[in-house]
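Participant: Pasting in a structure now, in structure tokens, and then I'll have a few things to ask.
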Amino acid sequence: MVIGGMRGMTGLLWEPSLLDPDEGIRFRGLSIPECQKVLPAAKPGGEPLPEGLLWLLLTGKVPSKEQVDVLSKELRSRATVPEHVYKAISALPVTAHPMTQFATGVMALQVQSEFQKAYEKGISKSKYWEPTYEDSLNLIAQVPVLASYIYRRVYKDGQVIPMDDSLDYGANFSHMLGFDSPKMLELMRLYVTIHTDHEGGNVSAHTAHLVASALSDPYLSFAAALNGLAGPLHGLANQVVPGFGHGVLRKTDPRYMCQREFALKHLPDDPLFQLVSKLYQVVPPILTELGKVKNPWPNVDAHSGVLLNHFGLTEARYFTVLFGVSRSIGICSQLIWDRALGLPLERPKSVTMESLENYCKKAA
Ligand code: MLT
């Protein structure tokens, strides 16, 4: 396990979600189809509002529509990104990878950290969660503004679109990116919801949890997570086509299935969707025949690009930023609980190859 990426090794507490290899992700016990049923939507029968999932991840309770509306408003009131953050991003070449610009922006946001200020003033440990909560809500509120600024800077000649105070979190993100069709707003709500969290062991979540265990504030921890998400074996995988297999899952990813259902409902004739459907039939038997592949089934990344592409968001190099915006919700929910539970500094034991060999000899 120690030389095999710690696969399957239990090592951390993660409250918002749990991944079952066969069933896929459950958010506070609820599967994706259950979340689609019980979480409030913008319109009856529509996709869940990501703010509703944030409420669920934080509290373990399904919110009412009124509660979600209050949270939407609260997030909008926290969404102003300080001017210096735009300047920090503008100091990078426009050709810099969007994830580099995103992580830089989050680091620049860090100067507003309430946790850091409170810690410097000597806040007691039992209250750590309070400024962590403030930082987390501010961060979650501001990342869509930051992310859409980067999109407009890189792909739309810097023509920034301001937030619309009448829109919810997912819809506003789509609007600020420049996509206002009602179906795209629904897609963004679904996209943000399903990418929020995938238990604690994935690279970005695990990184944030580790960094936060040093009492680094949510901005520092989430920026570190983004640097992990920017790796091609993690979030950057959504820039490319395949999307088959997974480190934990052993069946088709339910995040794939709900995107497939969205496509069947809204874009059944899209030629790229038809290609993705065909791959779903053709690829798993071929991978199974190879005899070495543990999971021949498609994951979330096998579908997301096709949906975005259909509505005009075609810049694949940007896709991981969308993933990162969503993940702020899951990661920050856990960071608040890390501090509320008073979880300690992470400091696992490592071994050398020599000590491993000695251990095996003794065991033999
Ligand atoms: C994720 O959503 O983080 C990915 O599916 C990777 C993982 O769970 O390990």
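The values are calculated or read from the model by the stated rules, or taken from the named source; none is laboratory data. Small disclaimer: the values here were computed from a predicted structure and weren't measured. Note: ideal-geometry Cβ built from the backbone for every residue, glycine included; neighbour counts use all protein chains shown.
Participant: Hey, among Leu49, Leu92, which residue is surrounded by 13 or more Cβ atoms within 10 Å (Cβ to Cβ), on the phi < 0 side of the Ramachandran plot and touching a residue at least 60 places away in the same chain (Cβ under 8 Å)?
Facilitator: Leu49
Participant: Could you list all residues from the range 194-225 that are near the ligand (Cβ under 10 Å from one of its atoms) and surrounded by fewer than 24 Cβ atoms within 10 Å (Cβ to Cβ)?
Facilitator: His195, Glu199, Gly200, Gly201, Asn202, Val203, His206, listed by residue number.
Participant: While we're on this one: Which numbered condition in (1) at pLDDT 95 or above; (2) aliphatic (A, V, I, L, M); (3) part of a loop (DSSP other than H, G, I, E, B); (4) surrounded by fewer than 16 Cβ atoms within 10 Å (Cβ to Cβ) is the only one that Leu249 fails?
Facilitator: It is condition (4) that Leu249 fails.
Participant: If the Cβ limit is 8 Å and pairs must be 6+ apart or interchain, which residue in the range 209-235 that is in contact (Cβ under 8 Å) with a residue 24 or more places away in the chain pairs with which residue that is basic (Lys, Arg)?
Facilitator: If the second residue must be basic (Lys, Arg), the pairs left are Ala212/Arg339; Ala225/Arg327; Leu229/Arg327; Gly235/Arg327.
Participant: Considering the range 15-32 alone, what residues qualify as being surrounded by fewer than 21 Cβ atoms within 10 Å (Cβ to Cβ), among the small types (Gly, Ala, Ser) and at positive phi?
Facilitator: Gly29
Participant: I want to confirm something. Restricting to the range 9-44 and keeping residues that are within 16 Å of the ligand (Cβ to nearest atom) and without any contact (Cβ under 8 Å) to a residue 60 or more places away in the chain, which single residue is nearest to the chain's Cα centre (by Cα)?
Facilitator: Out of the qualifying residues, it is Arg26.
Participant: I would also like to ask the following. Criterion first (more than 16 Å from the ligand (Cβ to nearest atom), among the hydrophobic types (A, V, I, L, M, F, W, C) and within 21 Å of Tyr86 (Cβ to Cβ)) does Val154 satisfy it?
Facilitator: On the way: more than 16 Å from the ligand (Cβ to nearest atom): yes; among the hydrophobic types (A, V, I, L, M, F, W, C): yes; within 21 Å of Tyr86 (Cβ to Cβ): yes.
Judged against the criteria, Val154 is a match.
Participant: Inspect the range 258-269 for any residue being away from the ligand (no atom under 12 Å from the Cβ), surrounded by 18 or more Cβ atoms within 10 Å (Cβ to Cβ) and of a type in the set (Phe, Trp, Tyr) and give the result as yes or no.
Facilitator: Scanning the range 258-269, I find at least one residue that is away from the ligand (no atom under 12 Å from the Cβ), surrounded by 18 or more Cβ atoms within 10 Å (Cβ to Cβ) and of a type in the set (Phe, Trp, Tyr), so the answer is yes.
Participant: Also: Test of understanding: among Val94, Val111, which residue is out of contact with any His (no Cβ under 8 Å at 6 or more places or on another chain), β-branched (Val, Ile, Thr) and farther than 23 Å from Tyr169 by Cα?
Facilitator: Details: Val111 fails: out of contact with any His (no Cβ under 8 Å at 6 or more places or on another chain).
Criteria check complete, one pass: Val94.
Participant: Give the range 260-313 a look and list any residue that's touching a Phe, Trp or Tyr at 6+ places or on another chain (Cβ under 8 Å), part of a helix (DSSP H, G or I) and under 19 Å from Gln36 (Cβ atoms), or say none.
Facilitator: Once the filter is applied, which keeps residues that are touching a Phe, Trp or Tyr at 6+ places or on another chain (Cβ under 8 Å), part of a helix (DSSP H, G or I) and under 19 Å from Gln36 (Cβ atoms), the range 260-313 yields Arg260, Ala263, His303, Ser304, Leu307.
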